[in-house]
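Report on the following structure.
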Amino acid sequence: MQNTETAIRKVVTIVCEGALEATLLREIESLGARGYTVTDARGKGSRGRRDATWGPHANIRVEIVCGAQIARAIIDLLRERYYDNFSMILFTVDAEVLRPEKFD
Amino acid sequence: MQNTETAIRKVVTIVCEGALEATLLREIESLGARGYTVTDARGKGSRGRRDATWGPHANIRVEIVCGAQIARAIIDLLRERYYDNFSMILFTVDAEVLRPEKFD
Amino acid sequence: MQNTETAIRKVVTIVCEGALEATLLREIESLGARGYTVTDARGKGSRGRRDATWGPHANIRVEIVCGAQIARAIIDLLRERYYDNFSMILFTVDAEVLRPEKFD
């Protein structure tokens, strides 16, 4: 029975400069996230309203599937510790996951 | 008229070890999926509750846009044939797609 | 107060051949998008109903977080200028974003 189960969890996606990878992932794990997926990316974005300092090189895209409480903790972490100092974006979607217990 | 059409389809995302790529994609195609997108990824995750065997190397992230029936068939395939034996995650979201007939 | 704010925005994902990158991103920026994320990808898909010309090499996956109006403009751009001539897919999801003003 358990095998047939799906449930809704959060998928949190962060795009930031690659230099943050080790630090950021360690902090996200410490919040209770059970795993993450990282892909190399490039992009462009604005840091605040005026300057475009998010360069074309060496960004990463990090994806974390987790419960709502951990997603909230990740959002708070980024808002309080990273968002003012680094070029990054964060967005969250609800997804149907297979074996939800893997993510709790 | 047809050109202006968008509709809701499923986006199924699978993250697994890269060694599964050829086999998994062949099976997904045989279920009727019209296409897929693969990106190289790295990550960390747990295999079951205790061991963390999902290494930091050579994962892939596979994305399939398809109708609800094929999405369900992919979920069943992974649950029955892969999920107990390999480190992988699967999640599904609803998305508005352009030219939905491309995915049916 | 502003710092605690999240809001719903659109995440537009485009998968297309890599040769389109510079042109497509320039046009998307001209529509008002504030940034984008690009990852290299490979994949398979159909171009129209019969032929499968979306090769296994040199695709890109482009992700744009933006408001609903810009998302609509991007969808219209692709439908009118690209979709008949190139192998590509587009899908859009609603996401909760941190600092929504970054994307407006």
Hey, does segment C:51-68 have a residue that's modelled with pLDDT of 90 or more and farther than 28 Å from B:I14 by Cβ? yes
If the requirement is being within 12 Å of the chain's Cα centre (by Cα) and at pLDDT below 95, which of these qualifies: C:G43, C:G35? C:G35
Restricting attention to segment B:55-73, which residues are within 10 Å of another protein chain (Cβ to nearest Cβ) and either buried (at least 17 other Cβ atoms within 10 Å of the Cβ) or assigned to a strand (DSSP E or B) (or both)? B:N59, B:I60, B:R61, B:V62, B:E63, B:I64, B:V65, B:A71
Given the condition hydroxyl-bearing (S, T, Y), closer than 21 Å to C:R61 by Cβ and modelled with pLDDT under 95, answer yes or no: does some residue in segment A:80-89 qualify? yes
Filtering segment B:83-101 for residues that are in contact with a strand residue (DSSP E or B) (Cβ under 9 Å, 6 or more places away or on another chain) and within 10 Å of chain A (Cβ to nearest Cβ) leaves a count of 10
Of everything in segment A:6-42, what is away from chain B (no Cβ under 11 Å), hydrophobic (A, V, I, L, M, F, W, C) and assigned to a loop (DSSP other than H, G, I, E, B)? Give them in sequence order. A:L31
Report whether or not C:V97 is closer than 15 Å to C:V15 by Cα and modelled with pLDDT of 95 or more. no
Filter result for B:E5 (within 16 Å of the chain's Cα centre (by Cα), among the charged types (D, E, K, R) and modelled with pLDDT under 95): no
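The values are calculated or read from the model by the stated rules, or taken from the named source; none is laboratory data. Quick caveat: nothing in here was measured; it's all calculated off a predicted structure. Virtual Cβ from ideal backbone geometry, glycine too; neighbours counted across all protein chains shown.
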